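As structure tokens, the structure follows; a few thoughts come after it.
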2 protein chains.
Amino acid sequence: MHSSFDPSLPPPTVREEDCPFCAIAAAHPPFSAINPPHPFPSNLTEPASFVVLSTPTAIAFLDILPLSHGHLLLCTRAHRPKLTDVTNPEARELGSYIRLLSAALVRATGIADWNVVQNNGAAAAQVVPHMHYHLIPRPEIRASGRYRESFTMFGRGQREELDEDEAEQLAEELRQQIADILREEEDDRERRKKHSQKL
Amino acid sequence: MHSSFDPSLPPPTVREEDCPFCAIAAAHPPFSAINPPHPFPSNLTEPASFVVLSTPTAIAFLDILPLSHGHLLLCTRAHRPKLTDVTNPEARELGSYIRLLSAALVRATGIADWNVVQNNGAAAAQVVPHMHYHLIPRPEIRASGRYRESFTMFGRGQREELDEDEAEQLAEELRQQIADILREEEDDRERRKKHSQKL
């Protein structure tokens, strides 16, 4: 499902019951992002899935062939092949989650730069035909000297299989950071409400 | 501002008053997306800008160095360097506009596949430090035989300057498609409301 994109192959046609992202969504009912379960099971699917956010609308988890440490996917809970198949309320929620996941990813990895990528259709290198946003941390290329690798996208580059122990730890850290950010933003809203009532 | 990304250069620091996207936003007050002005001025900025959507929150326009015909940018009206600088309500609106612009782009270009890309920071190939989503149509690569070119991203590939007459026409078509889609979705909501009242 994450194999390299081969333009000579016909576009994938995947039924909902064969969709790997639908399988992850089905195995993971929504949980409170501000109070995530702990410990969290990663063995509900085969291969294991490292879920960091699960809502009635969307689900986010680590890519099993990451382009960099922290490579996340965010998709709709419902099977939507392309971004244009998404409802407007879903699109709004996704917009909000991309921001939230970005902030959590920066905190959890310590990497300040990242790409958000969303591919629609075989010609755009979409491999799993269930719409998803990639969030890909980009470590400082001058430090690592790996300029070419750091720009790998579209399945052409070096993608290594996810180390499961590392993934377990990173997913836990991400769930905690998401909860922290939501709590901070809630506190911030409360403070501003109180402040405006005083005026 | 759209020049190739050079990793040996320091990350750009652009003040709001020097930001090219702030200049486009300042020259283009919000207009009704369902009833766009016609004709529409493209000469309010230097270089010309081909705006297809302008709301209190966001603005979308053609990239002046497109990777493909129809290459669009969507950014916040306010100067937000990265996606994490965006407010949650802005993030939700952007999520909705990406869906709307995607649908309009598919109709206006006839190209069914496209990428959505959003780069944060120099290491992630962000060139203009005012957050923006790219929408990049990907013509069928088997038809064109231009496999490598069609995957160009991050300013490394062949980007040609926008032809202004072509851009004028395309922007007009995009504004019309956006209006049509919004009208269709409004009609659809009305129909469903009436239907549910009958039940």
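The values are calculated or read from the model by the stated rules, or taken from the named source; none is laboratory data. A quick note: this is a predicted structure, and the numbers were derived from the prediction, not measured. Neighbour counts run over all protein chains shown; Cβ positions are idealised from the backbone, glycine included. In case anyone asks, the SASA skips ligands and DNA or RNA and just uses the protein heavy atoms, side chains included. Shrake-Rupley method; radii C 1.70, N 1.55, O 1.52, S 1.80 Å.
Out of everything in the range A:75-92 that is facing chain B (nearest Cβ under 7 Å) and in a helix (DSSP H, G or I), what residue ends up being farthest from residue B:106 (Cα to Cα)?
The selected residue is A:92.
Among the residues of the range B:25-61, those that are β-branched (Val, Ile, Thr) and closer than 24 Å to residue B:186 by Cα comprise B:34, B:51, B:52, B:55, B:57, B:59.
Entry remark, the range B:63-74: residues being hydrophobic (A, V, I, L, M, F, W, C) and either within 22 Å of residue A:92 (Cα to Cα) or within 13 Å of another protein chain (Cβ to nearest Cβ) (or both) number 4 in total. Filtering the range B:97-120 to residues that are at the interface with chain A (Cβ under 7 Å from one of its Cβ atoms), out of contact with any Leu (no Cβ under 9 Å at 6 or more places or on another chain) and among the small types (Gly, Ala, Ser) leaves only B:112.
Residue A:35 passes every criterion in (1) out of contact with any strand residue (DSSP E or B) (no Cβ under 8 Å at 6 or more places or on another chain); (2) without any contact (Cβ under 8 Å) to a residue 12 or more places away in the chain apart from (2). Out of all the residues in the range A:45-53, is one or more open to solvent by 40 Å² or more (accessible area, probe 1.4 Å) and more than 13 Å from the chain's Cα centre (by Cα)? Yes; the residues of the range A:45-53 include at least one that is open to solvent by 40 Å² or more (accessible area, probe 1.4 Å) and more than 13 Å from the chain's Cα centre (by Cα).
Hey, can you tell me all the residues within the range A:111-135 that are of a type in the set (A, V, I, L, M, F, W, C) and in contact with a helix residue (DSSP H, G or I) (Cβ under 8 Å, 6 or more places away or on another chain)?
Matches in the range A:111-135: A:111, A:112, A:114, A:116, A:123, A:128, A:131, A:135.
Scan the range B:118-132 for residues that are surrounded by 22 or more Cβ atoms within 10 Å (Cβ to Cβ) and either under 17 Å from residue B:178 (Cα atoms) or aliphatic (A, V, I, L, M) (or both) and the total you get is 5. Applying the set (1) open to solvent by 10 Å² or more (accessible area, probe 1.4 Å); (2) at pLDDT 95 or above to residue A:70 leaves exactly one unmet item: (1). Among residues belonging to the range A:75-93 that are under 19 Å from residue A:16 (Cβ atoms) and open to solvent by less than 10 Å² (accessible area, probe 1.4 Å), point out the one that is nearest to the chain's Cα centre (by Cα). Looking at the filtered set, the residue picked out is A:75. If only residues of the range B:21-44 that are in a loop (DSSP other than H, G, I, E, B) and under 21 Å from residue B:131 (Cβ atoms) are counted, the one that is least open to solvent (accessible area, probe 1.4 Å) is B:28. Can you pull out the residues in the range B:54-89 that are small (Gly, Ala, Ser) and touching a strand residue (DSSP E or B) at 6+ places or on another chain (Cβ under 9 Å)? B:54, B:58, B:60, B:68, B:70 - these are the residues of the range B:54-89 that are small (Gly, Ala, Ser) and touching a strand residue (DSSP E or B) at 6+ places or on another chain (Cβ under 9 Å). In the range B:154-181, of all residues being part of a helix (DSSP H, G or I) and over 17 Å from the mean Cα position of the chain (by Cα), the one that is modelled with the highest pLDDT corresponds to B:180.
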